[in-house]
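For reference, the structure discussed in these notes is given below.
The values are calculated or read from the model by the stated rules, or taken from the named source; none is laboratory data. This one's a predicted model, so the numbers in the text were calculated from it and none came from an experiment. Neighbour counts are summed over all protein chains in view; Cβ atoms, including those assigned to glycine, are modelled from backbone coordinates with ideal geometry. These accessible areas exclude ligands, DNA and RNA; they are computed on the full protein's heavy atoms, side chains included. Shrake-Rupley method; radii C 1.70, N 1.55, O 1.52, S 1.80 Å.
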Amino acid sequence: MNFAGDFDLKEKQILEGHTDRVWNLAWKPASGVDGIPAVLASCSGDKTVRIWEQSPATGSFQCKAVLDETHTRTVRSCAWSPSGKLLATASFDATTAIWEHVGGDYECVSTLEGHENEVKSVSWNASGSLLATCGRDKSVWIWEVLPGNEFDCVSVLQGHTQDVKMVQWHPSMDILFSCSYDNSIKIWAEDGDNDDWHCVQTLDESNSGHTSSVWALSFNSDGDKMVTCSDDLTLKIWGADIMNMQSGDGNAPWLHLCTLSGYHDRTIFSVHWSRDGIIASGAADDAIRLFVENKDGLVDGPTYQLLLKKDKAHNMDVNSVKWSSMENGRLASASDDGTIKIWELVSLPGHDKLPL
Amino acid sequence: MTLGLINANPVVHAKKERVTRTEDLHNDVFKVFLDIRDPEHPYSLEQLSVLSEESITVDEKLGRILITFTPTIQHCSMATVIGLCLREKMKDYVPPHFKVDIKVAPGSHADEESVNKQLNDKERVAAALENPNLRQLVDECLYSNK
């Protein structure tokens, strides 16, 4: 897709209600389409999770539920299962809670215990059959989702030398990615013979990786590229031969494609790649930046250019940016200022109509 | 917790006489720090020369504050606690849009890099301040003089 001309990120709504910093956001899959209202989950240092639903009449989001009295410390991360039926929340209280929407209420149907202390991230695989969690105890756990809201730990992965900040499954294959305070990204795959998970690749300084904590990662829609963001003030783009990966011989290493440096001057906490190819970043300088691939420079591999920078997107650090998977150009952001904002990417008038 | 004191005999300086200067953020920040007690000793951080007025650099235009403190000894395991105290104290007194970086003075700590990294990782700081033991230690340093 080509992005020519000028764009703006237009603030549509501020969602207020959390009483502490908002850490993470998750759009509910298959919501916001076919007459099903869009739903967004947010989690916070105020120990609660909030569920926001878009009103079909007004188009504005309202808080529909506050999930409290379960987590006793910061809720750091939230993730919907692919069907949108379950919501997983990871907390500094060392547990991961599983919530189900039953009869208009969100009910905590399971609590996953095992991590020694803070759980920092939770992620569902593409089919919803596996869940991954990670935390300050330097480990990554893989849980099997069993009938009746049972969760069985199938693997505890050690390898990171410091706390693990985020886990993320590949969008189509059962390959798990983790990024850490130890500056590395690790890739975990299952050994076909004995159901054992192990680290198949480590991306660190020795292969053009980050030089400080890696906070987050995200995949493009094809799953052949990944973007990572770090305290070293850079974004890095990685690529793999997806055909090779799908053939299942496991011989598809991820390679560093390019580094986006010079754009950020404080820690980058969040990065998200939209379905239509726009990379959003949220950082400690209160700004949101959008990047797109520059199609001119393909000879030397892909390059990326800044599409726009939204200064003062929030009054404080931007902790999470998430594109809606249903509505092109709709972005949600969460901040230390306790608010969530809904944005819309618009092309400015006076320019050619763009294929957004 | 350790059984004995980590630095049993710190050098203690007299509390300085303050010359009233133009009110600015730098002075405000330093003033609020004057109340913080050392985690180990009944002295203020200023008396132990952990902090001085020179420890604080304010860039009002950019909205940035850098605090550089000097732990009393090279292997001070209390350095992170002191850093947490400074960070927690800042929260109440500095305009929210200010960005605060906290570091140990270059060469003043054996694990300088790792202490600095920890103190400037807000996720680690948030987690530490929710830990009841650390929280108690920080509160004692911040509020014991009141």
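Within region A:88-102, can you find the residues that are away from chain B (no Cβ under 14 Å) and either touching a Pro at 6+ places or on another chain (Cβ under 6 Å) or small (G, A, S) (or both)?
From region A:88-102, those away from chain B (no Cβ under 14 Å) are A:88-89, A:96-102; that's our starting set.
Of everything in region A:88-102, those that are away from chain B (no Cβ under 14 Å) and either touching a Pro at 6+ places or on another chain (Cβ under 6 Å) or small (G, A, S) (or both) turn out to be A:A88, A:A97.
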When you check B:V94 against the structure, is it away from every other protein chain (no Cβ under 14 Å), surrounded by 17 or more Cβ atoms within 10 Å (Cβ to Cβ) and farther than 30 Å from B:A8 by Cβ, yes or no? no
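Take region A:293-323 and flag every residue that is within 14 Å of another protein chain (Cβ to nearest Cβ), surrounded by fewer than 21 Cβ atoms within 10 Å (Cβ to Cβ) and of a type in the set (A, V, I, L, M).
Listed by number, the list holds a single entry, A:M316.
Please work out which residue is farthest from A:S121 (Cα to Cα), limiting yourself to region B:102-137 and to residues that are of a type in the set (D, E) and open to solvent by less than 40 Å² (accessible area, probe 1.4 Å).
From region B:102-137, those of a type in the set (D, E) are B:111-113, B:121, B:123, B:130; that's our starting set.
Narrowing further to those that are open to solvent by less than 40 Å² (accessible area, probe 1.4 Å): B:121, B:123.
Working: B:D121: 16, B:E123: 12 Å.
Within region B:102-137, the match that is farthest from A:S121 (Cα to Cα) is B:D121.
Taking the residues in region A:240-254 that are touching a residue at least 60 places away in the same chain (Cβ under 8 Å) and assigned to a loop (DSSP other than H, G, I, E, B) as candidates, determine which candidate is farthest from the other protein chains (Cβ to nearest Cβ). Before the answer, list the steps.
Here is the first cut: in region A:240-254, the residues touching a residue at least 60 places away in the same chain (Cβ under 8 Å) are A:245-246, A:250, A:254.
Restricting the remaining residues to those that are assigned to a loop (DSSP other than H, G, I, E, B) gives A:250, A:254.
On the way: A:G250: 32, A:W254: 25 Å.
Among them, the one singled out is A:G250.
For A:S184, indicate whether it is more than 14 Å from every other protein chain (Cβ to nearest Cβ), of a type in the set (S, T, Y), in contact (Cβ under 8 Å) with a residue 40 or more places away in the chain and touching a Gly at 6+ places or on another chain (Cβ under 9 Å). Don't jump to the end; show me each part of the working.
Details: more than 14 Å from every other protein chain (Cβ to nearest Cβ): yes; of a type in the set (S, T, Y): yes; in contact (Cβ under 8 Å) with a residue 40 or more places away in the chain: no; touching a Gly at 6+ places or on another chain (Cβ under 9 Å): yes.
Against the criterion (more than 14 Å from every other protein chain (Cβ to nearest Cβ), of a type in the set (S, T, Y), in contact (Cβ under 8 Å) with a residue 40 or more places away in the chain and touching a Gly at 6+ places or on another chain (Cβ under 9 Å)), A:S184 does not qualify.
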Evaluate the following for B:H75: is it touching a residue at least 40 places away in the same chain (Cβ under 8 Å) and either surrounded by fewer than 20 Cβ atoms within 10 Å (Cβ to Cβ) or under 19 Å from A:D265 (Cβ atoms) (or both)? yes
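Does B:L129 satisfy the criteria of being farther than 23 Å from A:N183 by Cα, within 13 Å of chain A (Cβ to nearest Cβ) and either touching a helix residue (DSSP H, G or I) at 6+ places or on another chain (Cβ under 8 Å) or not basic (K, R) (or both)? Can you show your working first?
Numbers: farther than 23 Å from A:N183 by Cα: yes; within 13 Å of chain A (Cβ to nearest Cβ): yes; either touching a helix residue (DSSP H, G or I) at 6+ places or on another chain (Cβ under 8 Å) or not basic (K, R) (or both): yes.
Yes.
Taking region A:198-223 as the region of interest, how many residues are hydrophobic (A, V, I, L, M, F, W, C), open to solvent by less than 60 Å² (accessible area, probe 1.4 Å) and away from chain B (no Cβ under 14 Å)? Working first, answer last.
Of the residues in region A:198-223, the ones hydrophobic (A, V, I, L, M, F, W, C) are A:199-200, A:203, A:214-217, A:219.
When the remaining residues are screened for being open to solvent by less than 60 Å² (accessible area, probe 1.4 Å), the result is A:199, A:203, A:214-217, A:219.
Cutting the leftovers down to away from chain B (no Cβ under 14 Å) gives us A:199, A:203, A:217, A:219.
Number satisfying all stated conditions: 4.
Checking the conditions here, which among A:T267, A:T234 is at pLDDT 95 or above, closer than 22 Å to A:S77 by Cβ and among the polar types (S, T, N, Q)?
Values: A:T234 fails: closer than 22 Å to A:S77 by Cβ.
None of the others qualify; the one that does is A:T267.
Among the listed residues B:K146, B:K122, B:K103, which satisfies the condition of being over 13 Å from the mean Cα position of the chain (by Cα) and at pLDDT 95 or above?
Working: B:K146 fails: at pLDDT 95 or above; B:K103 fails: over 13 Å from the mean Cα position of the chain (by Cα).
None of the other options fit; the residue is B:K122.
When you check B:I65 against the structure, is it of a type in the set (V, I, T) and surrounded by 19 or more Cβ atoms within 10 Å (Cβ to Cβ), yes or no? First the steps, then the outcome.
Working: of a type in the set (V, I, T): yes; surrounded by 19 or more Cβ atoms within 10 Å (Cβ to Cβ): yes.
It is true that B:I65 is of a type in the set (V, I, T) and surrounded by 19 or more Cβ atoms within 10 Å (Cβ to Cβ).
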Yes or no: region B:71-90 includes at least one residue that is within 30 Å of A:S44 (Cβ to Cβ) and within 12 Å of chain A (Cβ to nearest Cβ). no
Check off (1) closer than 25 Å to A:T19 by Cα; (2) under 13 Å from the mean Cα position of the chain (by Cα); (3) of a type outside the set (D, E, K, R) for A:S274 and give me the number that stays unchecked. (1)
Selection count where residues are farther than 19 Å from A:T267 by Cβ and within 14 Å of chain A (Cβ to nearest Cβ), scope region B:97-126: 1
Residue pairs within 8 Å by beta carbon, gap of at least six or interchain, first lying in region A:61-73 and more than 14 Å from chain B (Cβ to nearest Cβ), second open to solvent by 50 Å² or more (accessible area, probe 1.4 Å) and part of a loop (DSSP other than H, G, I, E, B), listed first then second, are A:D68/A:K47
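Return the only residue of A:S129, A:S139, A:S123 being at negative phi and touching a residue at least 40 places away in the same chain (Cβ under 8 Å). Give the derivation first.
Details: A:S129 fails: touching a residue at least 40 places away in the same chain (Cβ under 8 Å); A:S139 fails: touching a residue at least 40 places away in the same chain (Cβ under 8 Å).
None of the others qualify; the one that does is A:S123.
What are the residues in region A:74-87 that are more than 14 Å from chain B (Cβ to nearest Cβ) and open to solvent by less than 10 Å² (accessible area, probe 1.4 Å), if any? If you could, list the steps in order and put the result at the bottom.
Initial filter on region A:74-87 (more than 14 Å from chain B (Cβ to nearest Cβ)): A:78-87.
Hits for region A:74-87 are A:C78, A:S81, A:G84, A:L87.
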